[in-house]
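Asker: The structure that follows is given in the form of structure tokens.
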Amino acid sequence: MKIMVCIKQVPHQDARLDVNGAGTWIQEENIKFEINPYDQNALEAALQLKDKEAGTEVVVVSIGPERVTQSLRTALGMGADRAVHVKDGAADGSDSLGTAKILAAVAKAESPDLIFAGFMSDDGNLAATGPMLATLLGIPHTTTAVSFQKNGAIQVERELEGGALEVVELNTPCLVTTQTGMNQVRYASLKGIMAAKKKPIDVKTVADLGLAGQVGADAAKIKIEKLYTPPKGQGAEILSGSVDEVVGKLVGKIKELGLL
Amino acid sequence: MGSILVIAEIQKGKVREASYELVSFARKIGAATNREVKSLVMGQGISAAAEELSKKGGGEVFAADDAALANYNLDAAFAAVKAAIAAASPDVVLVSNTPSGWDLAPRIAASLDAGFAPDCFNVDVEGGELVFLRRFFNGKLDSRLRPTSLPVVATMQPGATAAFDGAAEGKMTPLAVSIGSLGTKFVETKVASAKGVDLTKADVIVSGGRSLGGPEKFQEVIKPLADALGGAMGASRPVVDAGWLPHEYQVGSSGQVVSPKLYVACGISGAIQHLVGMKASNFIIAINKDADAPIFEVADLGVVGDLFEVVPKLTEAVKAAKG
């Protein structure tokens with residue numbers, strides 16, 4: 001079985017977020033990046049299947065500049081077999097659909113039996129790429145998986161509102177997007193990291209994939225016109241003073257609420 | 001000019017509140033751009049619900065009534081949407097940002113080769129053009145998204161606007177849907193497992209976030225304050241994802257939605273999915289070292305500081321005040 005895992009490198013959860021000069025994205029210089037947390041669960045789900053079924057190949061795919069190599073190496077260190085890196089400025093500024101078109105071109109060349117992708121990315125929170133990729137490939141998908149089972153058929157529990165779950169069965173090939181908390185993500189072992197150095201990363205351009213002119217900023221059907229710090233509303237009254245003073249004021253308020 | 005197609009959802013046999021919110025957005029766009037509002041209702045035995053929507057702002061309501069649509073199924077729902085698109089020729093499609101919306105809406109956008117604006121909290125019309133407003137980076141930054149062409153598909157956050165509740169006479173049109181072979185199969189819906197902790201009944205909830213750093217800190221820092229206040233302990237999603245506390249402690253759209261007399265958020269930045277679960281609380285105190293954390297937007301009182309300094313002192317002070 002071949003499994004493709006789509007991963008995105010995103011700013012680290014604690015990274016400082018400043019809007020760039022053009023006001024259209026964040027300032028990316030000098031901030032830390034990591035594999036999108038949702039995609040880490042996607043990769044873990046694939047690696048758990050590989051652990052169970054001999055002969056399973058896990059291919060990780062990512063789009064982005066040189067820095068993405070680091071995340072691909074991490075994924076290979078965790079146990080993926082090989083990587084495809086679409087590294088091309090022509091992909092920059094793609095909307096979700098453009099990103100899905102790039103991933104679809106890779107998927108068509110790879111013909112995986114199963115594709116995992118994170119439910120959303122931690123930067124855009126768009127939750128679009130996975131289902132769009134499945135649509136372009138003409139395969140079924142499901143979203144927000146919190147458990148995955150393959151006993152012949154593929155059965156997924158997906159998250160609904162208020163803690164409810166929906167159980168769905170899917171034909172293969174199919175695509176599943178994963179929720180955080182679906183599994184405990186492994187760390188790359190030292191042995192894994194050493195082995196990863198020898199694993200191949202296949203670098204591709206947009207033209208290699210036959211998509212010149214079809215993706216990137218100019219082909220985007222929707223654009224971020226402006227990214228900005230949300231206007232401050234009423235907001236909280238921020239207490240000032242020493243810790244003791246602040247605590248005194250909090251206790252006063254809690255008394256006022258009749259809770260003491 | 002095309003029409004606006006509202007993809008309505010059925011819940012307990014009726015068109016759900018979030019769909020009437022879509023109607024509000026659709027009518028706002030419709031009035032500003034001279035587009036007609038049309039709707040799709042799908043399910044089994046839904047003609048009364050569709051009829052009601054047609055009298056309450058949904059315009060021409062296409063009713064797709066089929067046993068295969070009784071429970072949400074991606075392929076069956078998508079077939080119904082395709083039939084509705086063929087009948088309504090929309091260039092704006094509105095879907096709710098709900099579990100079925102997450103599944104279905106991107107598929108609609110990709111199949112139309114359209115721009116996609118998910119999880120929006122508003123839509124503006126500027127000189128006849130649509131601009132969608134949504135948050136990026138878990139609520140830390142806002143954005144304006146502008147389609148460069150039509151059609152466009154957008155999903156709107158439930159609760160982002162008031163549900164339309166006026167009377168506006170439309171009509172119901174039965175919609176024949178040819179549902180082919182299904183690539184996905186609905187098996188069952190499971191209700192969350194029996195809860196040991198029912199946060200919805202607590203008068204006071206003290207919640208902790210990822211910055212607590214580990215499960216033992218909840219016992220050392222959060223629980224003592226919760227106990228002193230006679231309340232319950234809660235947590236944000238990353239805490240539960242990391243396995244520090246079981247799911248029943250999770251406050252948020254995918255956990256418990258609470259509205260206690262007092263909610264104390266400690267080291268919680270305030271991702272949207274958490275805010276949805278607690279913003280209806282009567283009084284909110286937030287303690288966080290990041291002054292820009294979105295939690296301060298919904299809080300009544302804020303402390304910008306180290307929770308490890310503030311919370312233990314607050315616990316002692318609460319105990320002292322009780323005598």
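The values are calculated or read from the model by the stated rules, or taken from the named source; none is laboratory data. Predicted, not measured: the structure shown is a model, and the values here were computed from it. Cβ atoms come from the backbone with ideal geometry, glycine included; neighbour counts cover every protein chain shown.
Asker: Can you name every residue in region A:1-46 that is assigned to a strand (DSSP E or B), closer than 24 Å to residue B:213 by Cα and not aromatic (Phe, Trp, Tyr)? So that I can check it myself, show each step before the final result.
Answerer: First pass over region A:1-46, keeping only residues assigned to a strand (DSSP E or B): A:2-6, A:9-11, A:19, A:26, A:33-35.
Going one step further and asking which of them are closer than 24 Å to residue B:213 by Cα, we end up with A:9-11, A:33-35.
Selection gives A:9, A:10, A:11, A:34, A:35.
Asker: Further, regarding this structure: In contact with a Gly (Cβ under 9 Å, 6 or more places away or on another chain) and either in contact (Cβ under 8 Å) with a residue 40 or more places away in the chain or not assigned by TED's automatic domain parsing to the domain that holds residue B:318 (or both) - does that describe any residue in region B:173-180? Please lay out each step first, then the result.
Answerer: Just the residues of region B:173-180 that are in contact with a Gly (Cβ under 9 Å, 6 or more places away or on another chain), to begin with: none.
So far as region B:173-180 goes, no, none of its residues is in contact with a Gly (Cβ under 9 Å, 6 or more places away or on another chain) and either in contact (Cβ under 8 Å) with a residue 40 or more places away in the chain or not assigned by TED's automatic domain parsing to the domain that holds residue B:318 (or both).
Asker: Something else now. Taking residue B:45 and the conditions (1) at pLDDT 95 or above; (2) in contact with a Ser or Thr (Cβ under 7 Å, 6 or more places away or on another chain), which numbered condition does it fall short on, given that it satisfies the others?
Answerer: (2)
Per-residue answers, yes or no, for (1) at pLDDT 95 or above; (2) buried (at least 20 other Cβ atoms within 10 Å of the Cβ):
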residue: A:113; (1), (2): yes, no
residue: A:137; (1), (2): yes, yes
residue: A:142; (1), (2): yes, yes
residue: A:147; (1), (2): yes, no
residue: A:159; (1), (2): no, yes
residue: A:176; (1), (2): yes, yes
residue: A:210; (1), (2): yes, no
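Asker: Looking at region B:211-231, which of its residues are surrounded by fewer than 19 Cβ atoms within 10 Å (Cβ to Cβ) and in a helix (DSSP H, G or I)?
Answerer: Within region B:211-231, the subset surrounded by fewer than 19 Cβ atoms within 10 Å (Cβ to Cβ) is B:213-216, B:219-220, B:223, B:227, B:230.
If the condition is that a residue be surrounded by fewer than 19 Cβ atoms within 10 Å (Cβ to Cβ) and in a helix (DSSP H, G or I), then B:215, B:216, B:219, B:220, B:223, B:227 are the ones that fit.
Asker: Looking at region B:53-66, which of its residues are among the small types (Gly, Ala, Ser) and closer than 25 Å to residue A:134 by Cβ? Even if it seems obvious, please write down each step before you answer.
Answerer: Filtering region B:53-66 down to residues among the small types (Gly, Ala, Ser) leaves B:54, B:57-59, B:63-64.
Residue satisfying the conditions is B:64 alone.
Asker: Suppose we keep only residues that are more than 13 Å from residue B:24 (Cβ to Cβ) and touching a Lys or Arg at 6+ places or on another chain (Cβ under 8 Å) within region B:151-172. Which one would you say is farthest from the other protein chains (Cβ to nearest Cβ)?
Answerer: Looking only at region B:151-172, we keep the residues that are more than 13 Å from residue B:24 (Cβ to Cβ), and these are B:151-155, B:167, B:169-172.
Then keep just the ones that are touching a Lys or Arg at 6+ places or on another chain (Cβ under 8 Å); that gives B:152, B:167, B:169-170.
Details: B:152: 7, B:167: 29, B:169: 32, B:170: 28 Å.
For region B:151-172, the residue satisfying everything is B:169.
Asker: Of the residues A:150, A:198, A:101, A:108, only one is farther than 27 Å from residue B:252 by Cα, basic (Lys, Arg) and free of Cβ contacts under 8 Å to residues at least 24 places away in the same chain; which?
Answerer: Details: A:150 fails: free of Cβ contacts under 8 Å to residues at least 24 places away in the same chain; A:101 fails: free of Cβ contacts under 8 Å to residues at least 24 places away in the same chain; A:108 fails: free of Cβ contacts under 8 Å to residues at least 24 places away in the same chain.
That would be A:198, the only listed residue that is farther than 27 Å from residue B:252 by Cα, basic (Lys, Arg) and free of Cβ contacts under 8 Å to residues at least 24 places away in the same chain.
Asker: Right, next: Determine which single condition residue A:120 fails, assuming it passes every other condition in (1) more than 8 Å from every other protein chain (Cβ to nearest Cβ); (2) part of a helix (DSSP H, G or I); (3) buried (at least 24 other Cβ atoms within 10 Å of the Cβ).
Answerer: (2)
Asker: Any residue at all in region A:239-252 that is touching a strand residue (DSSP E or B) at 6+ places or on another chain (Cβ under 8 Å) and loosely packed, with under 13 Cβ neighbours inside 10 Å?
Answerer: No; the residues of region A:239-252 include none that is touching a strand residue (DSSP E or B) at 6+ places or on another chain (Cβ under 8 Å) and loosely packed, with under 13 Cβ neighbours inside 10 Å.
Asker: Residue under question is residue A:198, and the condition is that it be modelled with pLDDT of 95 or more and either in contact with a strand residue (DSSP E or B) (Cβ under 9 Å, 6 or more places away or on another chain) or in a helix (DSSP H, G or I) (or both); does it hold? Explain how you work it out, then say what you get.
Answerer: On the way: modelled with pLDDT of 95 or more: yes; either in contact with a strand residue (DSSP E or B) (Cβ under 9 Å, 6 or more places away or on another chain) or in a helix (DSSP H, G or I) (or both): no.
No: the conditions fail for residue A:198.
Asker: Given A:177, A:172, which one is among the polar types (S, T, N, Q), more than 7 Å from chain B (Cβ to nearest Cβ) and in contact (Cβ under 8 Å) with a residue 60 or more places away in the chain? First the steps, then the outcome.
Answerer: Values: A:172 fails: in contact (Cβ under 8 Å) with a residue 60 or more places away in the chain.
None of the others qualify; the one that does is A:177.
Asker: Also, quick follow-up: For region B:1-83, give me every one of the strands (runs of 3 or more DSSP E) that falls completely inside it and has 2 or more residues that are among the β-branched types (Val, Ile, Thr) and crowded, with 24+ Cβ neighbours inside 10 Å. Show your work before the answer.
Answerer: Working: elements: B:3-7, B:37-43, B:60-65.
Output list reads B:3-7, B:37-43.
Asker: Next up: Which count do you get for residues in region A:234-260 that are in contact with a helix residue (DSSP H, G or I) (Cβ under 6 Å, 6 or more places away or on another chain) and either more than 7 Å from every other protein chain (Cβ to nearest Cβ) or not in a helix (DSSP H, G or I) (or both)?
Answerer: Adding up the residues that qualify gives 4.
Asker: Please enumerate the residues belonging to region A:146-167 that are assigned to a strand (DSSP E or B), at the interface with another protein chain (Cβ under 10 Å from one of its Cβ atoms) and of a type outside the set (Val, Ile, Thr). If you could, list the steps in order and put the result at the bottom.
Answerer: Step one: filter region A:146-167 for residues assigned to a strand (DSSP E or B), giving A:146-151, A:153-159, A:165-167.
Keeping just the survivors that are at the interface with another protein chain (Cβ under 10 Å from one of its Cβ atoms) gives A:146, A:153-159, A:165-167.
A:153, A:155, A:157, A:158, A:159, A:165, A:166, listed by residue number.
Asker: Being more than 29 Å from residue B:322 (Cα to Cα), surrounded by 18 or more Cβ atoms within 10 Å (Cβ to Cβ) and in contact with a strand residue (DSSP E or B) (Cβ under 7 Å, 6 or more places away or on another chain): is that true of residue B:250 here?
Answerer: Values: more than 29 Å from residue B:322 (Cα to Cα): no; surrounded by 18 or more Cβ atoms within 10 Å (Cβ to Cβ): yes; in contact with a strand residue (DSSP E or B) (Cβ under 7 Å, 6 or more places away or on another chain): yes.
It is false that residue B:250 is more than 29 Å from residue B:322 (Cα to Cα), surrounded by 18 or more Cβ atoms within 10 Å (Cβ to Cβ) and in contact with a strand residue (DSSP E or B) (Cβ under 7 Å, 6 or more places away or on another chain).
Asker: Considering only residues that are over 18 Å from the mean Cα position of the chain (by Cα) and either basic (Lys, Arg) or at positive phi (or both), which ones fall in region B:222-269?
Answerer: Answer for region B:222-269, where residues must be over 18 Å from the mean Cα position of the chain (by Cα) and either basic (Lys, Arg) or at positive phi (or both): B:223, B:230, B:243, B:261, B:267.
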